[in-house]
Structures are given as structure tokens and as C-alpha cells.
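One structure is given here, and the rest of the page talks about it.
The values are calculated or read from the model by the stated rules, or taken from the named source; none is laboratory data. Keep in mind it's a predicted model, so treat the numbers as computed, not measured. We place every Cβ from the backbone using ideal geometry, glycine too, and count neighbours over all the protein chains shown.
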Amino acid sequence: MPAPDPRILAQSLPRTVVGIDEAEVRAFADELDDLARELVALSRRGGSLAQAAVDDATYPTVATMHTALRDAMLLEVPSDLLPLVSGASTAGTGPAVDAMARSLATSDSPHAPPRLLARFFVYEAIRLRLLVAAWAAPAFDMVGGTEADIDAMAERALELLEGEAALGADDVRPLLLFHAAAAMLFARYMSDRAEALRHVGEDLREELRMQARLKTALRSLRLPESVLLENALADLLGQTRRDLSTLKRRHALALSDLSRQAMDQRVSRSRRALRADPARWPTRRSPALFDILRRTLAGPPEPVADVAG
């Protein structure tokens, strides 16, 4: 089955509901063209999606879209859109992404742009479902799990099933098969990490518990504060701190409207707030997509409570 043209994503945006005009649709279509060119280059080099997603020097559009999709999970949904978003999340996979997953039943034309775009969006759909499972409870953070690990799991799940004829069967929801493969990998990862933690000292386990509590708190904040504070507290989280210009470029969805001075001020205010009563934290005023999805999607089991608790 040939891959559907992912431009249907742009064409199917609910413009009358969310106020997207034709210029924005055209801009999104142009971005898909840039994305396709980068994916073709990546494919011909035999590269990894998970690695390209963090290589914004070589694959800027891949990296930007990868980060934007992640950040969109923590972006507050306007109140007038909550019924639309909640309904979509309850309904499950949209037909466009399901059609893309179905197109991966064969390995024909591996470097064709429509196939590579379909593959990318299926990869991102798998990854976002894994992020919901990882973020919904502290167990993943408590075993030292990272978003890079999630990226690698999503790509492995993609590789396990692409080219399987079963994806093209009429009675199969192909994306559900990818999600099942990813859930299996997630459970195995959690089990392996839990076993490894049994052989380390209490100091490391306590550090991971502290980091898990901090990450959970950061994900409850408004998106700009979440991104800025995670970067400001990178040393505590075992991450690499980035300068604000780089951070703004990588997290345009969260920070594009903020000046450097505004970012500095938000970091200072948020640091003070986190040391005070949680009621003063800059938390979300309305649910984010993540909040909605974690109520509607069941996560995998948590086999680490006896180790990290």
C-alpha cells in the first residue's frame, strides 16, 4: 500500500474551530517539505530517527518538530477547545496516522518522501504514547529513565513491525500493534532497570527519587516555566544546561514570544515560587493534552515500587 501524502494533515486541520488561516496551513505544508528533504537525507545515510531528533545542526526541521510535539503535550488547551480535544483523545487514533501506519506494511520505495514522512509521524505517535506512560507515574523517572530512552524505544518498536504484512490487514488497527510492541519494550526496560537498581547504593536511589519528584513538579507547571526551570535546574537533574538562545530555538513553541529578559524574570520568579507554598507555583490553569491523555489511556505496570519506594 502506498504511503498517504502527509499533507492531508495540513489540509484536515480544523481551521474554523481553532482559527488557523490558509497562510498557516501553507506554512505547515512548506515545513513538511523541509521535513521530507531531511528525512530522505537521513534515510540515505542509514541514520537513526532518535539521533536525528536531537541533532538540530544537521536535521533542524526534524529536531524542531520532535521537540514541538513533546512540548505540545504540556501546553494548556484553551477552554473552548477542551471538548474537541477530549473527544479526539477518547476516540483514539485518527484515520490519517492509522493510514500512515498501514502503509508501512511493505518495504517498497524505502527512500520515497511520502513513506518517510509517514514513518516519522508513526514514530512520533508511538513516542508520544510512551511519554504519557512514562510521565503518568514517577516509576520511570525513579529508575533513571530519560526521554532519550523513550525515543530509542519508539524507534525500536517501529523497526520491529515495519514491513510486516499484518499491518495492511483490513481487520487490524496497525497503530495499535505498534503501541503494543512499544508497551512490551517499556515493560522490559522497567524490569531491567529495576533489577539493576537492586545492586546500587541507597545514595543513588535517593538521588533518583529526588529527581523524579522534581521532574513531576516541573511537568505540572505552565509550559514556558517548565522548560525554563528544567534547564535552570539541569545540574540537579543530571542534564546538560543550555544557553537561553539555544533553549529558545529548540523550544520555540514554549519560548518564541519571550525576550531574554522575560525568560530570566520567569526563571527567578519560578525559583522563588517553588521554594514556597505549592499553591503559589506557576501551574497550569487549564488541562494540557498530557492531563487529558493520562486519564484516558492506561499505562503499563510499574514493577519498581519495591526498589525505588
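Points worth noting:
- Verdict on residue 272 being farther than 24 Å from residue 136 by Cα, modelled with pLDDT under 90, out of contact with any Lys or Arg (no Cβ under 6 Å at 6 or more places or on another chain) and part of a helix (DSSP H, G or I): yes
- When the criteria are applied in full, residue 152 fails the requirement of being modelled with pLDDT of 95 or more and over 25 Å from residue 55 (Cα atoms).
- Candidates are the residues of the stretch 190-214 that are in a helix (DSSP H, G or I) and basic (Lys, Arg); the one that is farthest from the chain's Cα centre (by Cα) is 205.
- For beta carbons closer than 7 Å, sequence separation of 6+ or different chains, a first residue in the stretch 68-84 that is more than 13 Å from residue 293 (Cα to Cα) and a second that is in a helix (DSSP H, G or I) and of a type in the set (Asp, Glu), the qualifying pairs are 69/124.
- Given (1) free of Cβ contacts under 8 Å to residues at least 60 places away in the same chain; (2) surrounded by fewer than 24 Cβ atoms within 10 Å (Cβ to Cβ); (3) touching a helix residue (DSSP H, G or I) at 6+ places or on another chain (Cβ under 8 Å); (4) under 27 Å from residue 200 (Cβ atoms), number of the condition residue 161 does not satisfy: (4)
- Filtering the stretch 215-251 to residues that are part of a helix (DSSP H, G or I) and either without any contact (Cβ under 8 Å) to a residue 24 or more places away in the chain or on the phi > 0 side of the Ramachandran plot (or both) leaves 218, 230, 231, 234, 235, 244, 245, 246, 247, 248.
- Evaluated against (1) farther than 30 Å from residue 201 by Cβ; (2) surrounded by fewer than 20 Cβ atoms within 10 Å (Cβ to Cβ); (3) of a type outside the set (S, T, N, Q), residue 144 falls short on exactly one condition, (1).
- Test for residue 270: is it of a type in the set (Ser, Thr, Tyr) and surrounded by 18 or more Cβ atoms within 10 Å (Cβ to Cβ): yes
- Residue 187 among the small types (Gly, Ala, Ser), in a helix (DSSP H, G or I) and under 22 Å from residue 139 (Cα atoms): yes
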